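The values are calculated or read from the model by the stated rules, or taken from the named source; none is laboratory data. Keep in mind it's a predicted model, so treat the numbers as computed, not measured. Glycine gets a Cβ as well: all are built from the backbone with ideal geometry, and neighbour counts include every protein chain shown.
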Amino acid sequence: MPNYSELISKLKNLKLSGAAETLELRIMEAEQNQLSYSELLTMIVTDEFQVRRNRTLQRLIVNARIESTKTLESFDLTFNPSINAAQIRELSLCHFIEKAENIFFIGPTGTGNYGKFLFMETTSELS
């Protein structure tokens with residue numbers, strides 16, 4: 001296997017760490033699947049884009065000072081029988097964002113509104 005250390009070093013100097021991390025893997029994948037140069041470049045640029053997007057998301061979450069992040073998998077939908085699990089799963093698709101609609105979680109104290117908010121805030125950042 002060729003040594004790509006010089007190219008990886010240059011990618012890191014250009015602050016393209018996402019591309020540097022996956023370069024060798026992507027080149028092997030391109031060779032095995034006989035991908036074109038443009039397909040290889042697209043995969044490498046997509047890797048860099050994803051790394052930057054994930055870093056931005058993490059920075060936004062830290063700057064928002066969210067106490068904790070919740071996922072749909074970690075949210076206990078059974079602790080309150082009045083929670084409509086199907087409706088929460090539908091909201092997790094974030095179609096309300098595409099439609100420029102607002103959502104409100106209304107209910108008495110201790111019924112999970114804040115937890116639903118944290119979950120939806122994190123989910124909408126990922127969309």
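Which condition number does THR71 fail, the rest of (1) at pLDDT below 95; (2) of a type in the set (S, T, N, Q); (3) within 22 Å of the chain's Cα centre (by Cα); (4) not in a loop (DSSP other than H, G, I, E, B) being met?
(4)
Could you give me the residue pairs with C-beta distances under 8 Å whose first residue belongs to segment 1-17 and is under 17 Å from ASN54 (Cβ atoms), whose second residue is at pLDDT below 90 and not hydrophobic (A, V, I, L, M, F, W, C) wherever it lies, and which are 6+ apart or on separate chains?
Matching pairs, first to second residue: none at all.
May I ask you to say which residue of LEU40, LEU93 is surrounded by 11 or more Cβ atoms within 10 Å (Cβ to Cβ), at pLDDT 80 or above, farther than 30 Å from LEU7 by Cβ and aliphatic (A, V, I, L, M)? Explain how you work it out, then say what you get.
Details: LEU40 fails: farther than 30 Å from LEU7 by Cβ.
Result of the check over LEU40, LEU93: LEU93.
Would you confirm, using the coordinates I've provided, whether GLN50 is within 30 Å of LEU16 (Cβ to Cβ), in contact (Cβ under 8 Å) with a residue 24 or more places away in the chain and under 22 Å from the mean Cα position of the chain (by Cα)? Before the answer, list the steps.
Working: within 30 Å of LEU16 (Cβ to Cβ): yes; in contact (Cβ under 8 Å) with a residue 24 or more places away in the chain: yes; under 22 Å from the mean Cα position of the chain (by Cα): yes.
The answer is yes for GLN50.
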